[in-house]
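Visitor: Sharing a structure, written as structure tokens. Questions coming.
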Amino acid sequence: MIGNVSVGARMRPGSALFLTLLLACITGQTAASAADCLGHPDALGTSRILVVDPKAHPRIGTMQYPETLPLEDHEVVLTFDDGPLPRNSNQVLDILASQCVKATFFTIGRMAQSYPEGVRKLRDAGHSIGTHTQDHPLTMDHMPVERAKQEIDDGIASVKAALGDDAALTPFFRVPGLLRADGVEDYLASQGIQIWSADFLADDWRHISSSRVLDLAIKRLEDKGKGILLLHDIQARTVAALPKILHELKARGYRIVHVVPATPERPATPTEPIQWQLHPPSENVAISHWPKIPNFVFSGDQTLPAHTLPDLDWREAQSMTLAELLDHGRGIGVPLPREAPWPRQFSLPPDRPASELPVPAQSIFEVEEGLRVALRVAAPPHHAEQTVADHEERSIERGKSRRASRGKPHTGRARQVASHGTGHPAQAHGGKLKHLVQVRKRSA
Ligand SMILES: [Zn+2]
């Protein structure tokens, strides 16, 4: 029964919580409310069951993917990896049971082979059971995809064998070390298996105190407001921290959500696509559609070296969390622009020098043949000019003698063609404006 599920002002017709409760009434699914917790009336409890369709949302967890579970504010999903290891996993089960909290366990095939009873305890307690490969290799990001498939398939087979009931296993999977690869994701999607990354961690695999695990879990949850928390049920420090984590969640008004896969008899919880984003845009969040970021296309393949988690020994690193590493690494590997395509560099033509004069029309230099044109260059005379001048002089002398012999003016004329701006040495000489002159005869 739904019982005394804490339903405050947040529940309103149309809200996800309202729809979930409505669906629960229809399908008979129930969450273990705090009031149902025998002997623990103040337990945290499980506020609702979220039914998801792995095929519709194959990758979740904002540490690595755009989508995450469609949780409302202050809703938390607890996940535990790497078990079962009876010494610690059984204590985790007891703590969760004491608070009537349901979680999702990502079990390792080899552990299930060694402790099959531990996997059956998870099922009997009503938790969701996913898988986490057969041997937990921290090389899934670069191993051959065929080997990755084998790890995935063997892990599933081992856990199913321990359960003795295929239906008890969910199609949920978490990549060891979150070291994802395209080929691995493609294969899991083809199998209808949902990949769970996480929204935040508590670093409980590191050599830190249980109080530090508690602090990190709460601090990071408070930063996000909701989400999937990744823990490890095989760690003693997690066992020590878990009661305090659950207590803090309760004290701070957080609610636990239990996630189960959709089946033909159990349809997925109705959701809108926007709910699968951790921070969906709202009227309180400024969204700018202008100016658009240019769609740069770079031909270069220069990239910055990307950190890899194994390089940084993420299990031992003290200064940077996995979440921070992943956030940090998101922008790495992008080709660098060699040069900005905008603004363009324009090469303007140099201004025309003010001293340059317009080119005179040829007619200005048309003179009657026979007129003496003073074209002599002061000094030193250029060979060409000298040649022209000599020729001119000889022509004039010939004209004189012809006029004298004929007694009438000559009809021919000399055309002088000016040449400008050639940089001829003669032009730069003496401060006078001089022109090279071509003289040719033209018959009338
Ligand atoms: Zn693991």
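Visitor: How far, in nm, would the chain grow between HIS142 and ALA262 when pulled straight, counting 0.36 nm per residue and subtracting the alpha carbon separation?
Guide: Here the segment from HIS142 to ALA262 would lengthen by 40.0 nm.
Visitor: What is the extension gain from ASP135 to ALA251, computed as 0.36 nm multiplied by their sequence separation minus the C-alpha to C-alpha distance, in nm to one decimal?
Guide: That works out to 37.9 nm of additional length.
Visitor: Kindly provide the pair-distance distribution of the range 167-231 built from C-alpha pairs, with 10 Å bins from 0 and whole-percent values in order of increasing distance.
Guide: Bin by bin from 0 Å, the calculated values are 19, 37, 30, 13, 0.
Visitor: Whole percent per 5 Å bin, from 0 to the bin with the longest distance: what is P(r) over all C-alpha pairs of the range 132-209?
Guide: Calculated over all Cα pairs of the range 132-209, the distribution is 3, 15, 24, 23, 16, 13, 5, 1, 0 percent.
Visitor: For the range 80-239, rounded, prolate or oblate, judged on the Cα gyration tensor with a ≥ b ≥ c (square roots of eigenvalues), a/c < 1.5 rounded, else prolate if a/b > b/c?
Guide: oblate
Visitor: Next question. Just report the Cα centroid separation between the range 113-137 and the range 215-255, whole Å.
Guide: Comparing the Cα centres of the range 113-137 and the range 215-255, I get a distance of 21 Å.
Visitor: Rg and Dmax of the range 94-154, Cα atoms, in Å?
Guide: Rg then Dmax for the range 94-154, in Å: 13.9, 43.
Coordinate-derived values only; no laboratory data. Please read these numbers as outputs of a predicted model, since none were measured by experiment.
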